[in-house]
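The values are calculated or read from the model by the stated rules, or taken from the named source; none is laboratory data. Bear in mind the structure is a predicted one, so any value in this text is a computation, not a measurement. Because the Cβ atoms are built from the backbone with ideal geometry, glycine has one as well, and the counts that use them run over all protein chains shown.
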Amino acid sequence: MPQNSLNTQLTIFSRKCNQERCILYTLENKVNCTNEHIEKYCTGEKLMKKVYLFRGGNVLKSFDTDTVFDVNAIVSHVLFTVLFDEVRYVHTIAELQSVERAAKGKADIVLGHVQVLGLPEHRALMETAFVYGVKYQFVLTTGGPVLTNMGVEDISSLTAGLWFLHCKGASQSQHSDPCPHTALRRALTTLHIYTFLQLMEAPLVSEASVEPSEVNMVHSHLQVPLLFLFSQPHTVALDRVTAQTLAWRLRGQVGLVLIHRESPDVKIPLEYNAAYRLPGEGSEVKYLILNNLEEVIDLFRDESTPEEEEDDDNWATLDVLDDEVAESVYRDRGQSLDMDAVTELTADIFHSAVAESDYTVVLFYVKWDAVSMAFMQSYIEVSESLEDADVSDVELAVLDCGEWTDVCSAQKISFFPTVRLYRPQEPSQPYQGMLGTESLNRFIMLSRLVSPVLLSSPDEVTSFLKGDLYQRHAAIAPVTVLGLFSSTADAGVSVFKEAAKALRGETMVGLFADRQAEIWAVEYSVTLPAILVSRGPTGQTEAHSLNLSMPDQLVTHIQRALLDTFPELTVENLPLYLELKKQLLVLFVGEEERGRKENRVLEDMRSLLNTGLINPYLPCWIHLGRTPAGKAVLEAYLGFLPLLPALVVSQLATGGEVFHYPTGRPLMVQPILQWLQRVEDGEEPPTGVIVDEKWMPSMPFYDFLSVMDQEVPGYASQRSAKTKTSRIERAEGEKSSSGERQARAGAHNPQGSPTTKPPQTPHHHSEL
């Protein structure tokens, strides 16, 4: 694109074009006419006013910069140009009729109307045409008599609309008859169009011989009501005609099922002749008596009225697939991130960047992943906090794997987001903690420490165990590990050093290899080699003997030793303790358990550990004030919220039964031990049961790539493993280029357009 000096219009276009590249996988280039004069494009009347679309060195089309004003305009205009031969453009009724005659018996037609090119509705239509262009004939109009022909009464009020013309099933003998059509009664977005086309492909009328509650059709997954008509054996032919008539009038709004009463599986009272089921999980079937067809039409017109007034985002299953993370990212999409706080890496500078700094933390992400974008804000906050703390030897960087796939492939990045820490001349270290500011900051600060810390005297050992040696890090690493060996020549020293390297970022590890290590071995009744786990000045120190020959085994052993014997469960540490596969003996305490009362209850629970009688259990506690999710856990366990503190046994690993320590009994050692014995003997009835259910998505997932492959076999799969370069090369050599469907929610309903145009006159249902 020729440019001389920046202006507002050009700046907007450049920014939007960068976004468009992520969608269409195109290349964007700018030519500075001041430095390099290209006669054909750097002339005065074209300078700063024209944008050119090239393919294979040839200009496909040029655009005025004021027509490509945002991402929607760029995408829609580019696709419209690429699909120029596939998408027909009609102005008059005669032109539309000509397209219909050519399509009869061959393909259905998707007719779209937009008032102005370049709007989101135009983009949605072009993206759909790109995917379904082989299956349907797409036609575009910008208004006029064509809309009148489709039944629109007030043309000026219709900004966008779409109709499905059922021409494939029409006979060529019906030369002059128009194809029956169905109108999309939703906003013109990519997702709504996709769902609408799925409904058009569904059978007009389905038949079943089961109860309505057992009928499962695609309409239910697409959040569309189902209407059931009950057929008698002697009127089945007339019932089918009636059902088809109703189905044409309600097509795209309601799925229709004909239930055969003669089946022994159908036990519907004879007084009812119809039923319906609204979309939604757990929706009940409602039976009714209808006297004529108009009552049925009115029924669903009334049912759909409140829904029409709601936000269209609630209509299709596709709109509610995202979880809370994706929702928050979408809600905050208007807030820009301060990317100046981190270094944005490319393939050209990646290796040099990680080699220059003592520590380089890299976030590998993709822009379309909601978790990546949600974590990006926390990542930037960590960079800013390190800068405020005058930490100068750590560089935080990001790399977009959607842009630099070769780098991510070479680094074996298999999921997003991925954070790794790089040191010069060393393998990278993965970050496996929570995706939050505090956890990542702790990992980085601890990773900067030497591991293991080599201690040379008993005084240094004492200082290390008490946290005095690294006082500034005591808050982020309250638990430290010390390896004790009788000599540096001990074969286990090298294994311990390897394990200590692997534990960088998790805790502080020290090493004391000297004959005086025997002092601590005697004090804690262990044989060397051993490790001491110190829980700070106010906590206890535990000793564990070592008999492991592999670094990874030792890492696992130390990680287990770091776990508390009576932990406070949090969202962050819960997975670590669940890996122990023990029954949980959980004490739930609330905000009101403060001061001495809370301490007394917790001390009584700790006393259970000294008895040595609760080894099958993991005693732990949850503070509902600091971990609000614990309240939902407690209510799920028992079905109600008891008085606090509450003691519960959760047999997650052995059947899922839950037992509640009787309210009112003292939380003391002997009563608790007696109660646990009754639980083990089967004398205590369970208060609740944790159902072993799979954690599945709330809605069926739609694989858009497989949808594309259904329309054109191999279309998406043959591109999935290709690099961006190969896609661009194909785009230059083929007639059509690739793109991704994007959805933008909107609110619209075609005014005055009839939902369907039935192919025949109405018939009455025999039971009506």
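Scan segment 406-450 residue by residue and report those that are among the charged types (D, E, K, R) and within 28 Å of the chain's Cα centre (by Cα). Correct list: Asp406, Lys412, Arg420, Glu438, Arg442. Against the numbered list (1) modelled with pLDDT of 85 or more; (2) of a type outside the set (Phe, Trp, Tyr); (3) in a helix (DSSP H, G or I), Arg472 comes up short only at (1).
Ser98 satisfies every condition listed in (1) in contact with a His (Cβ under 7 Å, 6 or more places away or on another chain); (2) hydroxyl-bearing (Ser, Thr, Tyr); (3) at pLDDT 85 or above except (1). Listed by first and then second residue, the pairs linking a residue in segment 335-352 that is on the phi < 0 side of the Ramachandran plot and assigned by TED's automatic domain parsing to the domain that holds Gln411 to a residue that is part of a helix (DSSP H, G or I) and among the hydroxyl-bearing types (Ser, Thr, Tyr), with Cβ atoms under 8 Å apart and 6 or more places separating them unless they lie on different chains, are Ala341/Ser383; Val342/Tyr379; Val342/Ser383.
The residues of segment 127-139 that are in contact with a Gly (Cβ under 9 Å, 6 or more places away or on another chain) and at pLDDT below 90, listed by number, are Glu127, Thr128, Ala129, Phe130, Val131. For segment 535-545, indicate whether the set of residues that are modelled with pLDDT of 80 or more and either in contact with a Pro (Cβ under 7 Å, 6 or more places away or on another chain) or among the hydrophobic types (A, V, I, L, M, F, W, C) (or both) is non-empty. For segment 535-545, residues modelled with pLDDT of 80 or more and either in contact with a Pro (Cβ under 7 Å, 6 or more places away or on another chain) or among the hydrophobic types (A, V, I, L, M, F, W, C) (or both): present. Annotation: Leu576 fulfils all but one of (1) modelled with pLDDT under 85; (2) surrounded by fewer than 19 Cβ atoms within 10 Å (Cβ to Cβ); (3) assigned by TED's automatic domain parsing to the domain that holds Thr663; the unmet one is (1).
Restricting segment 171-187 to residues that are crowded, with 22+ Cβ neighbours inside 10 Å and under 28 Å from Gly105 (Cβ atoms) leaves a set whose member that is nearest to the chain's Cα centre (by Cα) is Leu184. Restricting Leu79, Leu96, Leu125, Leu117 to those that are outside any helix (DSSP H, G or I) and touching a residue at least 12 places away in the same chain (Cβ under 8 Å) reduces the list to Leu117.
Taking segment 140-167 as the range and being touching a Gly at 6+ places or on another chain (Cβ under 7 Å) and either crowded, with 22+ Cβ neighbours inside 10 Å or in a strand (DSSP E or B) (or both) as the test, the residues that pass are Leu140, Val152, Leu162.
Which one is modelled with the lowest pLDDT, of the residues in segment 546-563 that are part of a loop (DSSP other than H, G, I, E, B) and either surrounded by 15 or more Cβ atoms within 10 Å (Cβ to Cβ) or small (Gly, Ala, Ser) (or both)?
Step by step, filter segment 546-563, then rank; the result is Leu548.
The number of residues in segment 413-441 being surrounded by fewer than 19 Cβ atoms within 10 Å (Cβ to Cβ) and under 25 Å from Val481 (Cβ atoms) comes to 12.
One line per residue, one yes/no per condition, for (1) out of contact with any helix residue (DSSP H, G or I) (no Cβ under 6 Å at 6 or more places or on another chain); (2) over 27 Å from Pro575 (Cβ atoms); (3) among the aliphatic types (A, V, I, L, M); (4) in a loop (DSSP other than H, G, I, E, B):
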position: Arg442; (1), (2), (3), (4): yes, no, no, no
position: Ser451; (1), (2), (3), (4): no, no, no, yes
position: Ser463; (1), (2), (3), (4): yes, yes, no, no
position: Ser494; (1), (2), (3), (4): yes, yes, no, no
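Being under 22 Å from Met434 (Cβ atoms) and in a helix (DSSP H, G or I) is a condition met by at least one residue of segment 388-397. A residue that is under 18 Å from Leu449 (Cβ atoms), acidic (Asp, Glu) and in a loop (DSSP other than H, G, I, E, B) occurs nowhere in segment 403-422. Being surrounded by 12 or more Cβ atoms within 10 Å (Cβ to Cβ), modelled with pLDDT under 80 and not in a loop (DSSP other than H, G, I, E, B) is a condition met by no residue of segment 272-279.
Looking across segment 329-358, the residues that are at pLDDT below 70 and in a helix (DSSP H, G or I) come down to Tyr330, Arg331. The set of residues from segment 475-490 being farther than 13 Å from Gly536 by Cα, aliphatic (A, V, I, L, M) and outside any loop (DSSP other than H, G, I, E, B) comprises just one member, Leu484.
Within the set Pro203, Pro225, Pro212, the sole residue that is surrounded by 15 or more Cβ atoms within 10 Å (Cβ to Cβ), within 30 Å of Ser263 (Cα to Cα) and under 33 Å from the mean Cα position of the chain (by Cα) turns out to be Pro225.
Out of the residues in segment 433-448 that are touching a Phe, Trp or Tyr at 6+ places or on another chain (Cβ under 7 Å) and of a type in the set (A, V, I, L, M), which is nearest to Val391 (Cα to Cα)? Per the criteria, the residue is Leu440. Residue check: Asn216 meets all listed conditions (1) touching a residue at least 12 places away in the same chain (Cβ under 8 Å); (2) of a type in the set (S, T, N, Q); (3) not in a helix (DSSP H, G or I) but one, namely (1).
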